[in-house]
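Step one of this worksheet: look at the structure below.
The values are calculated or read from the model by the stated rules, or taken from the named source; none is laboratory data. The structure presented is a predicted model; accordingly, all values stated were derived computationally and were not measured. Note that each Cβ is placed from the backbone with ideal geometry, even for glycine, and that neighbours are counted across all protein chains shown. These accessible areas exclude ligands, DNA and RNA; they are computed on the full protein's heavy atoms, side chains included. Shrake-Rupley method; radii C 1.70, N 1.55, O 1.52, S 1.80 Å.
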Amino acid sequence: MAGDPGDAPEVGGGGIRSVLTTASLVAPSGDEVQFREIDGKIIGLYFAANWYPKCEAFTPVLAAAYEQLKERGAGFEVVLVSCDEDRPSFERFHGTMPWPAVPFGDLSCKKRLSERFQVEGIPRLVVLAPDGGAVVHPDAADLVHRYGERAFPFTAARVAELEADDQRKYASQTLEKLFSVSGKEYVMNSGNNEKVPVSSLVGKTVGLYFSANHCAPCIKFTTKLAAIYSSLRGKAEDFEVVYVPMDREEDGYLRSCGDMPWLALPYDGAPSRALARYFDVREIPTLVVVGPDGRTVTRDGRNLVNLYFDMAFPFTDAQIRLLQEAEDEAAKEYPRSLRHRGHRHELSIVSEKSGGGPYICCECEEQGLGWAYQCIACGYEIHLRCGQNAEGGSAGTA
């Protein structure tokens, strides 16, 4: 974590102009922007490109924080340092932003900035102090994701305040308080559109399902989650799911609700964004599981569902340990190697301790973790069950 502005060495005299060596900046409209318009402000150098989905997703988040800070007169400016490969792409991407940019053609300035701040990945938001360009924070993108405009001015002291506030909120978290974050005291029955009070969910294990109709992985996971939801409800388990819509428009939200047998937050971007920020949701689908006591059990519900199906319920560490121990025991009965129809080399059994890890099964295209049949040379991996069940699989050494 970066220190306060005074803790970092200055990059040179002359304020921000010693960092931005270009003659002037360019507005999204194409008009020239003079440095006097940004002098004296805290500057966020935004390294991004239109071709990278994470930049496309982060830009509106940053824009929302930027506009709120602008309304407050906070003295904050963003400058785009484009990583786009051609001018039309740069102009289209810059056109979605309310801040100026280093001109596309000033390759030397962009190169110097990337080298000076050691930019190896995007999106990246380097925050600079107004008095000489000292680094306030080397990459505040994470802070903007988590806290929005509240992260300003991005100093170590401000980050410490926000994290302490988070800890207090998590320690006293209840289901009612969670939904007060979203501004709602009720959720909707997606089947008949009736209001369901949040109080009726207290004492249950609740999955907060962040998803959207425009997201292909979400559509696939919704089908799996719906089957598991039906199974658990059939077993009379106290389990409920609440859809937290991340849809771009209401039509998509309504289509999503039509595919879901559970509850949903009403369509309103602000409550969903508040919950997504509270749980630091960076991608969808995400399944956050809240226990009967209102505390967060796991933010990794999607992976647990993919790995263990309805056996993951109630998603606690104790339950997952039991499942992992059962897997370890079952693995003793599997052949140590086998041939599989999908690969030309012999596959060897591996565990998390002997080279296994998170993977996507090359047979069923579902997630796996730990135990697998693996070709170490090629990276081909399949679930143990897929190795045994697949037609064409043959056992090797016992």
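Values for this structure:
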{"item": "Filter result for residue 275 (of a type in the set (A, V, I, L, M, F, W, C), free of Cβ contacts under 8 Å to residues at least 24 places away in the same chain, outside the structural domain of residue 368 (by the TED database) and surrounded by 15 or more Cβ atoms within 10 Å (Cβ to Cβ))", "result": "no"}
{"item": "Filtered residues of segment 43-62 (kept if part of a helix (DSSP H, G or I) and exposed (fewer than 15 other Cβ atoms within 10 Å of the Cβ))", "result": "53, 57, 60"}
{"item": "Matching option when the condition is open to solvent by less than 10 Å² (accessible area, probe 1.4 Å), farther than 23 Å from residue 36 by Cβ and touching a residue at least 12 places away in the same chain (Cβ under 8 Å), among 126, 136, 144, 102", "result": "144"}
{"item": "Selection from segment 147-163 of residues that are open to solvent by 40 Å² or more (accessible area, probe 1.4 Å) and over 20 Å from the mean Cα position of the chain (by Cα)", "result": "153, 157, 158, 160, 161"}
{"item": "Only listed residue being touching a Lys or Arg at 6+ places or on another chain (Cβ under 7 Å) and touching a residue at least 12 places away in the same chain (Cβ under 8 Å), chosen from 346, 363, 327", "result": "346"}
{"item": "Verdict on residue 204 being basic (Lys, Arg), farther than 29 Å from residue 55 by Cβ and over 23 Å from the mean Cα position of the chain (by Cα)", "result": "yes"}
{"item": "Test: residue in segment 226-237 that is closer than 23 Å to residue 280 by Cα and either in the same structural domain as residue 273 (by the TED database) or part of a loop (DSSP other than H, G, I, E, B) (or both)", "result": "no"}
{"item": "Residue 196, sole failed condition from (1) β-branched (Val, Ile, Thr); (2) more than 20 Å from the chain's Cα centre (by Cα); (3) at pLDDT 95 or above", "result": "(3)"}
{"item": "Hey, residue 23 surrounded by fewer than 15 Cβ atoms within 10 Å (Cβ to Cβ) and outside any helix (DSSP H, G or I) or not", "result": "yes"}
{"item": "Residue list for segment 35-65, filter: of a type in the set (Phe, Trp, Tyr) and in contact (Cβ under 8 Å) with a residue 60 or more places away in the chain", "result": "46, 47, 52, 58"}
{"item": "Residues (more than 27 Å from the chain's Cα centre (by Cα), under 18 Å from residue 26 (Cβ atoms) and assigned to a loop (DSSP other than H, G, I, E, B)) located in segment 67-125", "result": "86, 102, 103, 104, 105, 106"}
{"item": "Condition met for residue 243 (buried (at least 22 other Cβ atoms within 10 Å of the Cβ) and either closer than 21 Å to residue 367 by Cα or among the acidic types (Asp, Glu) (or both))", "result": "no"}
